[in-house]
Every structure is written in structure tokens, then in C-alpha cells.
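As C-alpha cells, the structure follows; a few thoughts come after it.
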Amino acid sequence: MLSILISLVIWIFFFLLASFIAIGNEKSTVRRLPWVTFSIMVINTLVFFVTLPVVGGEQEELARAGSEVERFMLQHQELLADENVRKKLSDAGVITKSFSDDIEGQLKKSPEIQSEYEQWLRSSEAQRLRDELDQKLDTFKSVAQDSLWYKYGLAPNGNWKPHQLITAAFLHVGLIHLLSNLLFFFAVAFSLEDLWGRGIFLGFYLLGAAVSCLPDIVHPGVVPSVGASGDISAVAGAFLLRLPKTKIKLLCLHFWWIRLLFGKKPIVVMVPGYIYLGSYYIAQIVLWYLDKKAGYVGRVGYSVHIAGCLFGLSFAGLMKLARIEENYIHPKIEAKISFSAAPAVTQALEAMDRGDTLLAERKLRAHLAKQPDDTNALLAAIQVYERTSNFDQLNAMYGRLIRHHLARDDKEAALYAYDSLLTAFPDDNVAPRIAARDWIVVCDYLRESEMNREAAVEYERLVNACGDDPLALRAAIYGGEAAFAANDVDRALRLFQKAGAMNAPEQLGVRARAGIEKCNRILAQRPNWTKKPAAKPAPKLAF
């Protein structure tokens with residue numbers, strides 16, 4: 001019973017893990033464009049499509065040669081009694097070592113049958129069949145060794161070359177293999193490149209590709225090893241140690257295409273890195289153990305993933321212990337960024353570093369009066385007002401930054417800026433106030449993204465802060481509907497009642513009254529003993 005329960009838990013764990021794929025993370029803002037990350041993705045894609053016709057032809061030829069060997073062995077299974085034949089077939093990848101061991105075990109159990117086979121194996125007929133098999137295996141090996149995967153992937157049976165430690169990471173078996181690797185890579189790579197700089201990140205990536213090959217070098221396979229999953233695992237391992245609480249954006253794979261066909265957005269959730277990546281590596285260890293226990297040689301290099309992860313963890317750990325980021329990397333990157341910023345902004349940042357926030361504020365105010373859309377200056381001013389806890393000015397600066405993003409139709413950036421504004425306030429006094437026309441766009445974007453609970457909270461904040469604005473009526477109606485969709489009936493009723501008290505036009509008034517009726521109908525069905533929970537501060541957004 002216990003084993004069944006454990007198996008069920010493991011099955012559910014793998015099912016949930018396989019239901020999502022990483023497509024990004026919450027740190028969408030970086031200091032510089034991640035050119036190394038983009039270049040690696042482009043190179044992998046170009047290599048795949050350029051080599052696709054060649055690889056396709058080679059794999060067809062290899063499949064024909066392999067089929068000849070398999071067909072021959074099906075007709076002459078008695079040759080499997082020969083240990084040397086089994087070893088040749090195992091080395092060529094035609095049979096597994098466990099299958100060879102099973103045959104040997106069966107022969108040892110029956111000495112009489114083993115003696116008969118040994119006598120037959122000394123016959124001229126057996127020798128003729130062995131010679132014919134050798135010819136077919138030589139053809140199979142020749143085709144395999146002339147293939148692109150054998151030359152540039154990690155060659156099997158210990159025949160690898162040094163350059164293959166890197167080139168193998170740029171070859172992929174198929175389109176799904178390529179896309180899944182690149183999506184996972186992008187989700188974690190650009191943040192590390194921003195933290196470590198382009199040069200160190202590139203060196204780390206290439207070194208990760210080489211180190212992750214160690215399991216295949218120590219225990220060589222019978223087919224070439226290709227794919228970027230080892231070096232990507234190294235990047236993910238470093239991300240796990242360096243940014244464990246950063247939330248990773250996961251796309252739910254179940255029926256996402258059906259949702260798109262019906263005009264609905266695919267389901268996307270945000271999960272802390274230590275949960276998703278920790279679960280992923282636990283799965284790799286379990287799958288590696290199960291394969292090893294069963295004696296199964298799979299096509300997925302679980303040991304390569306584990307080696308990559310260990311290298312990534314070790315590299316990030318050494319970087320952290322040596323404080324290389326703080327003492328070497330960040331000063332250089334900031335110097336390059338500051339070089340491109342306006343002199344007034346650079347001077348303000350220098351003043352802030354000295355603790356002179358008054359001088360920094362004066363310089364930024366003067367600069368923004370001349371160049372109101374300078375995002376570097378806005379971000380610097382935000383730092384000043386966060387340090388001085390000047391929440392009125394903080395609202396004003398974030399309001400300008402949000403308007404800047406919305407003017408460029410970048411709603412996601414505006415939403416992240418708004419979330420940063422919420423985070424700047426103390427937890428017990430979250431009081432944002434931006435222009436209602438911008439605020440409602442952010443709220444609408446949350447609702448369009450099916451984040452109804454968060455949207456309802458922000459609509460209510462807008463109504464409470466800008467009750468006299470004409471947009472407050474629409475915010476109250478939309479907020480009530482979003483709260484109702486999120487099963488927050490109490491909040492929905494409050495918002496619908498506020499909308500009803502605003503002398504709404506007939507169409508909106510009908511929606512407000514209908515909302516009040518629905519909420520009251522549901523609330524009337526609550527048991528008498530149900531107590532309304534104490535009011536809590538409205539939560540901040542969680543991405």
C-alpha cells in the first residue's frame with residue numbers, strides 16, 4: 001500500500017512538472033541588452049536549420065543501415081549466444097547492456113543449452129554468419145562516423161574530440177528539442193548576463209557546456225550526445241543559487257492552443273525559482289536513478305543535466321564568496337551605463353552616493369524640467385525619493401515613468417513600474433496615486449491578463465483615491481466584475497454600491513444594479529454563523 005501511495009505521489013509530481021514550461025522571469029528590466037543570450041539563441045537556431053537537410057539525409061541512411069543489422073539479427077538470434085557478438089551489438093547501440101546480461105544469465109542457468117550453442121558457434125556456418133554481421137556492422141558504423149552528429153556532437157564509445165565539448169551544445173535532435181531548450185534558456189539566462197556581464201557570462205556558458213559532458217566521458221554512450229541542455233542546466237543552477245526568490249514565468253501546456261483559438265490568453269503562472277528549479281532538478285535525479293536501476297539507456301541525458309546544475313551552483317557560489325559581482329562586475333557595468341547618461345544624472349547619482357540627496361534632487365529636477373522623458377533621470381529621481389521616503393514625489397515620478405511606458409504601448413513595463421511603486425510603500429500604508437487615465441489602463445491590463453483578484457484590488461484603490469474623476473465610475477463597475485469573477489463577493493458588492501451612488505448613465509447603472517443583486521443573492525445564502533473576516537490591508541501585486 002505504501003509503495004502504491006509513493007508511486008502515486010511521484011506520478012502526480014512528474015505530471016505537474018511536465019504541465020508547465022518556463023518562458024521568462026519577473027526581472028524583465030535589465031541594465032543592458034543581453035546580447036550574449038540573444039546571440040546564443042540565434043546561433044543555435046541557425047545551426048539547426050542550416051544542418052537540418054544534411055542531418056535528415058544522414059539519419060535516413062543510418063536508419064536503413066541499422067534496420068539491416070536488426071533484420072539480420074532477428075533471422076539469426078542464435079548468434080546472440082556469442083559473447084563477442086553481443087559486445088559488438090551493444091557497442092553499436094543495437095542492443096542494451098542489460099539485454100546482453102539477461103541472455104548471459106539465461107545461458108548460465110542451462111549448461112546443456114549453453115554447451116550446444118558453444119558447439120554450434122565453432123561451426124563454419126556460425127563463422128559465415130558472424131562475418132556477414134561484421135560487414136553490416138561496419139557499414140552501420142561507417143555511416144554513423146561520417147555523420148555530422150558524430151563529428152560535432154560528443155562522439156560515443158570514448159572517441160570524442162576536444163572541440164566536441166563545445167560544438168555538441170549547438171546541435172539539436174529536432175524542433176521540439178530546440179524550442180524547449182531555448183525557452184528554458186531565455187527564462188534564466190538574460191538575468192544572469194545582466195548580473196555578471198557579457199564576458200563572464202559567455203565564459204561561464206561555454207565552460208558549463210564542457211563540464212556537463214563529464215558524465216558522458218566517464219561513462220561513454222553508444223550514440224553521439226547532442227544538445228544545449230547541459231550548459232542550460234548550468235545557467236539554471238546558477239540562477240537557482242543567485243536568484244532563488246525571483247519568480248519564473250511558466251506557461252501551462254495543457255490545451256493552450258485551444259484557448260488561443262477561442263481568443264483567450266494561455267494560462268501563465270509565476271513561481272519562485274527555488275520551487276520550480278528545485279523541483280526540476282529533483283526530477284532529474286529521480287529519473288537518472290530509475291534509469292540506472294533499470295539498466296535502461298535513454299535518449300535524455302539526466303546525468304548531464306545534474307552535472308550542469310552542480311557546476312552552475314559551484315560557479316555562482318564561488319562568485320558570491322569572492323564578492324566578484326560587487327567588487328569587479330557591477331562597478332564596470334555601472335561605469336559604462338553612466339557614460340551614456342546625461343551629465344546631470346551622473347552628477348546626481350554621485351551626490352546620492354555621497355549621501356547628499358538634496359543636491360541630487362535639485363540636479364534631477366532641473367534636468368527633468370528640460371528633458372521630462374529621460375528615463376535615466378526618472379529612475380534616479382525614484383531612488384532619491386525612495387531613500388528620503390518622500391511618497392508624494394515618489395508617486396509623481398512613478399506616474400511619469402508609467403505614462404512614459406504607456407505612451408510607447410508597453411503595458412507590461414508600465415505594470416512592473418506600478419508594482420515597484422506599490423513595493424516602495426510600507427506594508428501597512430500602501431497609498432499609490434497616479435493619473436486616473438494611466439491607472440485605469442494598468443487595471444484593465446491586469447483584468448485582460450485574467451489576474452482578476454489583483455485587478456479588483458487596484459480598481460478599488462483607484463476609486464478610493466480618485467472618486468471625483470469621471471473614470472472612477474468605470475473603475476467601480478469593472479472592479480466589481482473582476483472581484484466577482486475572483487469570488488471576492490464582499491469587495492464586488494462594495495464597488496457595485498459605489499458605482500450605483502455615482503449617478504451612472506443608464507447602461508452602466510444597469511450593470512451596477514445587476515451586480516448588487518447578484519452579490520446580495522450570494523451573500524444571503526451564507527450560513528448565519530459565518531462571520532465576516534476582519535479587514536486586511538489590500539495586498540501588493542505579486543509577479
(request) Would you mention how many residues in region 110-146 are over 51 Å from the mean Cα position of the chain (by Cα) and not in a helix (DSSP H, G or I)? (result) 3
(message) It is to be established whether one or more residues within region 300-312 are at pLDDT 90 or above and farther than 30 Å from GLY93 by Cα.
(response) yes
(message) Residue under question is LEU33, and the condition is that it be under 36 Å from the mean Cα position of the chain (by Cα) and modelled with pLDDT under 85; does it hold?
(response) yes
(request) Return the only residue of ALA455, ALA482 being buried (at least 24 other Cβ atoms within 10 Å of the Cβ), among the small types (Gly, Ala, Ser) and under 28 Å from the mean Cα position of the chain (by Cα). (result) ALA455
(request) Just give me the residues in region 156-175 being modelled with pLDDT of 85 or more, part of a loop (DSSP other than H, G, I, E, B) and farther than 20 Å from LEU46 by Cβ, in sequence order. (result) TRP160, LYS161, PRO162
(message) So, in region 95-152, how many residues would count as being closer than 29 Å to HIS163 by Cβ, at pLDDT 80 or above and out of contact with any Leu (no Cβ under 9 Å at 6 or more places or on another chain)?
(response) 8
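For region 506-518, check the following and say yes or no: at least one residue is under 23 Å from ALA435 (Cα atoms), modelled with pLDDT of 90 or more, in the same structural domain as ALA431 (by TED's automatic domain parsing) and hydrophobic (A, V, I, L, M, F, W, C).
No, region 506-518 has no match at all.
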(request) Quick one: which residue in SER191, SER233 is assigned by TED's automatic domain parsing to the domain that holds LEU318, touching a residue at least 24 places away in the same chain (Cβ under 8 Å), in contact with a Lys or Arg (Cβ under 6 Å, 6 or more places away or on another chain) and in a helix (DSSP H, G or I)? (result) SER191
(message) Among the residues of region 356-407, what is the count of those that are more than 18 Å from ALA424 (Cα to Cα) and part of a loop (DSSP other than H, G, I, E, B)?
(response) 5
(request) Please list, ordered by first then second residue, the pairs with beta carbon atoms under 7 Å, 6 or more apart or interchain, first in region 441-470 and over 13 Å from ALA483 (Cα atoms), second assigned to a helix (DSSP H, G or I) and of a type in the set (Ser, Thr, Tyr). (result) VAL442/TYR418
(message) Please go through region 86-109 and give me each residue that is of a type in the set (Val, Ile, Thr), closer than 20 Å to ASP131 by Cα and touching a residue at least 24 places away in the same chain (Cβ under 8 Å), ordered by number.
(response) VAL94
(request) Taking the residues in region 340-381 that are over 14 Å from GLN393 (Cα atoms) and among the β-branched types (Val, Ile, Thr) as candidates, determine which candidate is modelled with the highest pLDDT. (result) THR375
(message) Residues that are in contact (Cβ under 8 Å) with a residue 40 or more places away in the chain and within 19 Å of GLY230 (Cα to Cα): does region 136-147 have at least one?
(response) no
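Being under 18 Å from ASP82 (Cβ atoms) and surrounded by 13 or more Cβ atoms within 10 Å (Cβ to Cβ): is that true of LYS97 here?
So LYS97 passes the test.
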(request) Kindly indicate the residue of region 40-85 that is aromatic (Phe, Trp, Tyr) and in contact (Cβ under 8 Å) with a residue 12 or more places away in the chain and also surrounded by the fewest Cβ atoms within 10 Å (Cβ to Cβ) among those meeting that condition. (result) PHE72
(request) Please tell me if GLU450 is at pLDDT below 90, under 31 Å from the mean Cα position of the chain (by Cα) and either in a loop (DSSP other than H, G, I, E, B) or not basic (Lys, Arg) (or both). (result) yes
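Within region 423-442, can you find the residues that are part of a helix (DSSP H, G or I) and at pLDDT 90 or above?
Here is the first cut: in region 423-442, the residues part of a helix (DSSP H, G or I) are 423-424, 436-442.
Within region 423-442, ALA436, ARG437, ASP438, TRP439, ILE440, VAL441, VAL442 meet the criteria.
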(request) Scan region 148-174 for residues that are surrounded by fewer than 20 Cβ atoms within 10 Å (Cβ to Cβ) and small (Gly, Ala, Ser) and jot them down. (result) GLY158, GLY174
(request) Go over the candidates LEU206, LEU175, LEU182 one by one and state the one that is under 27 Å from CYS252 (Cβ atoms) and over 14 Å from the mean Cα position of the chain (by Cα). (result) LEU175
(request) Examine region 259-273 for a residue that is at pLDDT 80 or above and assigned to a helix (DSSP H, G or I), and state whether such a residue exists. (result) yes
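Confirm whether SER110 is out of contact with any helix residue (DSSP H, G or I) (no Cβ under 7 Å at 6 or more places or on another chain), within 30 Å of LYS293 (Cα to Cα) and either loosely packed, with under 12 Cβ neighbours inside 10 Å or among the aliphatic types (A, V, I, L, M) (or both).
The answer is yes for SER110.
The values are calculated or read from the model by the stated rules, or taken from the named source; none is laboratory data. Quick caveat: nothing in here was measured; it's all calculated off a predicted structure. Using ideal geometry, Cβ is built from the backbone for each residue, glycine included, and neighbour counts are taken over all protein chains shown.
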